[in-house]
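Note sheet for the following structure.
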Amino acid sequence: MLFSKSRKHKVVSTGTAETVARVKGFVVDPVTRHVVALVVGKSKQGDTLPWRGISGFGPDAVTVADEAAIGPADEPIAALAGKSNTMLKKQAISSFGDHIGTVTDVAFNGDTGAIESVLIDGEPVPADRFLGVGSFAVVIEAEPTP
Amino acid sequence: MRSSEVSQRPVVTIAGDDVAQVKDIVYAADGGSVLGFTLAGRGLFSGPLREVLPWSNVAALGSDALIVKDEDALTDPAALESDSGGSVGKGGNILGSRVLTDTGTDLGVVVDAIVEVAGGHEQCDVVGYEIESSEALENAGTKVLIPLPDTMAASGEHLIVPASARNFVRKDLAGFGAAVDEFREQLQGRSN
């Protein structure tokens with residue numbers, strides 16, 4: 001599953017079969033390398049859908065049991081949300097301090113939310129080299145020099 | 001790299017946040033290595049920061065950013081002042097010094113320092129200076145690069161280099177690293 005492909009997914013309630021919100025963004029925890037929540041729009045409940053509230057993340061829609069899964073961001077998620085933590089289109093630098101490109105996409109597991117790889121100028125970099133995302137850049141562990 | 005290229009470079013944590021930017025470089029009193037950096041805030045209207053960044057807290061010096069582990073890398077200025085011979089806040093008293101050979105020829109005025117991260121990561125060496133050359137060198141008035149020995153005497157007024165440094169003057173950074181190595185090897189050969 002790619003960020004770019006699922007960014008405008010509908011959020012559908014399986015209880016009422018209605019579209020209750022639309023995906024606007026992703027909240028990533030760089031320490032656990034997981035998507036911890038989705039930022040959603042067009043819902044009266046709030047703007048955050050925590051990952052545990054998701055019933056299914058499919059190729060065409062995100063399903064939730066009930067619209068009540070959406071709410072305002074709680075403390076740990078609010079700390080990770082915000083513009084400085086978005087990854088798409090942010091510059092990537094290595095842990096040696098060199099610019100290596102721009103984040104074009106992020107691949108993640110639709111079942112667990114685990115980040116699988118970060119695509120930099122289209123080239124996938126395995127998630128275990130993803131160190132952090134902040135106001136300046138996405139930091140990627142430099143490949144050890146042979 | 002030229003030390004002037006390092007100033008204004010952002011200081012970025014592993015978490016990707018830019019916590020400061022380099023204002024000035026603090027050199028060791030003998031001019032042979034970089035002790036650390038003074039800092040300014042990020043953004044157009046942020047002034048200088050009180051905290052400094054000692055070299056020991058720098059994880060990497062790259063072409064686009066200085067990487068630090070986290071914000072705790074920025075410390076109290078006292079950490080640098082004792083070793084720097086009071087150059088903190090003045091941009092180092094190396095720029096503007098006259099380079100004098102040990103035989104008494106004035107080679108020119110220091111306009112920039114060339115730094116290189118050496119020995120794994122132990123220190124950030126000053127390997128050479130960019131000087132505005134005096135009449136003693138060909139092309140007087142132009143900027144040339146001169147390699148430095150490992151250790152030397154510096155007073156803020158003068159820097160003393162061995163006379164043979166003249167033979168290793170280069171016009172640009174390409175090939176300068178090799179000139180530094182050759183020069184230092186030759187000096188070691190002489191002392192052995």
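The values are calculated or read from the model by the stated rules, or taken from the named source; none is laboratory data. Since we're looking at a predicted model, the values are computed, not measured. Please note: Cβ atoms are built from the backbone with ideal geometry, for glycine as well, and neighbour counts cover all protein chains shown. Heads up: the accessible areas ignore ligands, DNA and RNA and are worked out on the full protein's heavy atoms, side chains in. Shrake-Rupley method; radii C 1.70, N 1.55, O 1.52, S 1.80 Å.
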Take the residues in region A:61-97 that are β-branched (Val, Ile, Thr) and within 14 Å of another protein chain (Cβ to nearest Cβ); name whichever of them is nearest to B:ILE67 (Cα to Cα).
A:ILE93
Filter result for the condition that a residue is farther than 25 Å from B:GLY62 by Cβ and either open to solvent by less than 40 Å² (accessible area, probe 1.4 Å) or under 17 Å from the mean Cα position of the chain (by Cα) (or both), over B:GLY189, B:GLY156:
B:GLY156
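Kindly evaluate B:ALA113 against the criterion of being within 24 Å of B:VAL58 (Cβ to Cβ) and open to solvent by less than 20 Å² (accessible area, probe 1.4 Å).
yes
Quick one: count up the residues across region A:21-36 that are in a strand (DSSP E or B), of a type outside the set (Asp, Glu) and either in the same structural domain as A:GLY110 (by TED's automatic domain parsing) or under 21 Å from B:ASP17 (Cα atoms) (or both). Step through it out loud before you land on a result.
Kept after step one, since they are in a strand (DSSP E or B), are these residues of region A:21-36: A:21-29, A:34-36.
With of a type outside the set (Asp, Glu) added as a condition, the list becomes A:21-28, A:34-36.
If we keep only those that are either in the same structural domain as A:GLY110 (by TED's automatic domain parsing) or under 21 Å from B:ASP17 (Cα atoms) (or both) too, we end up with A:25-28, A:34-36.
Matching residues across region A:21-36 total 7.
Only one of A:ALA68, A:ALA81, A:ALA73 is within 13 Å of the chain's Cα centre (by Cα), open to solvent by 20 Å² or more (accessible area, probe 1.4 Å) and modelled with pLDDT under 95; which?
Details: A:ALA68 fails: within 13 Å of the chain's Cα centre (by Cα); A:ALA73 fails: within 13 Å of the chain's Cα centre (by Cα).
Sole residue among the options that is within 13 Å of the chain's Cα centre (by Cα), open to solvent by 20 Å² or more (accessible area, probe 1.4 Å) and modelled with pLDDT under 95: A:ALA81.
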Single unsatisfied condition, A:ALA107 versus (1) closer than 30 Å to A:THR19 by Cα; (2) in a strand (DSSP E or B); (3) within 14 Å of chain B (Cβ to nearest Cβ)
(3)
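Would you mention how many residues in region A:131-144 are within 7 Å of chain B (Cβ to nearest Cβ) and surrounded by fewer than 18 Cβ atoms within 10 Å (Cβ to Cβ)? Spell out how you get there, then give the answer.
First, the residues of region A:131-144 that are within 7 Å of chain B (Cβ to nearest Cβ): A:131-139.
So of that shortlist, the ones also surrounded by fewer than 18 Cβ atoms within 10 Å (Cβ to Cβ) come out as none.
Looking only at that region, the number is 0.
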Do we have B:LEU61 as more than 14 Å from chain A (Cβ to nearest Cβ) and either over 13 Å from B:SER7 (Cα atoms) or at pLDDT 90 or above (or both) here?
no
Is there a residue in region A:123-130 that is within 14 Å of chain B (Cβ to nearest Cβ), over 26 Å from B:GLU5 (Cα atoms) and buried (at least 19 other Cβ atoms within 10 Å of the Cβ)?
yes
Does B:ASP72 count as in the same structural domain as B:LYS23 (by TED's automatic domain parsing) and at pLDDT below 90?
no
Quick one: count up the residues across region B:120-157 that are modelled with pLDDT of 85 or more and assigned to a strand (DSSP E or B).
15
Filter result for B:LEU66 (within 21 Å of A:ALA137 (Cβ to Cβ) and crowded, with 16+ Cβ neighbours inside 10 Å)
yes
Filter region B:44-58 down to residues that are surrounded by 13 or more Cβ atoms within 10 Å (Cβ to Cβ) and among the aliphatic types (A, V, I, L, M) and give me whichever is farthest from the other protein chains (Cβ to nearest Cβ).
B:VAL52
Any idea which of (1) surrounded by 13 or more Cβ atoms within 10 Å (Cβ to Cβ); (2) without any contact (Cβ under 8 Å) to a residue 60 or more places away in the chain is the one B:ALA178 doesn't satisfy?
(1)
For region A:22-32, how many residues meet the condition of being within 14 Å of another protein chain (Cβ to nearest Cβ) and buried (at least 18 other Cβ atoms within 10 Å of the Cβ)?
3
Anything in region A:83-103 that is touching a residue at least 40 places away in the same chain (Cβ under 8 Å) and in a strand (DSSP E or B)? List them, or say none.
A:GLN91, A:ALA92, A:ILE93, A:SER94, A:ILE100
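Across region A:56-65, what is the number of residues that are open to solvent by less than 30 Å² (accessible area, probe 1.4 Å) and not aliphatic (A, V, I, L, M)? Walk me through how you get there before you give the answer.
Step one: of region A:56-65, the residues open to solvent by less than 30 Å² (accessible area, probe 1.4 Å) are A:56-58, A:61-62, A:64.
Okay, now just the ones that are also not aliphatic (A, V, I, L, M), so A:56-58.
Selection size over region A:56-65: 3.
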Identify all residues within region A:37-82 that are part of a helix (DSSP H, G or I) and in contact (Cβ under 8 Å) with a residue 40 or more places away in the chain; write none if there are none.
A:TRP51, A:GLU67, A:PRO76, A:ILE77, A:LEU80
When you go through A:GLY46, A:GLY53, A:GLY101 one by one, which is the residue that is within 16 Å of the chain's Cα centre (by Cα) and either within 25 Å of A:THR19 (Cα to Cα) or open to solvent by less than 40 Å² (accessible area, probe 1.4 Å) (or both)?
A:GLY53
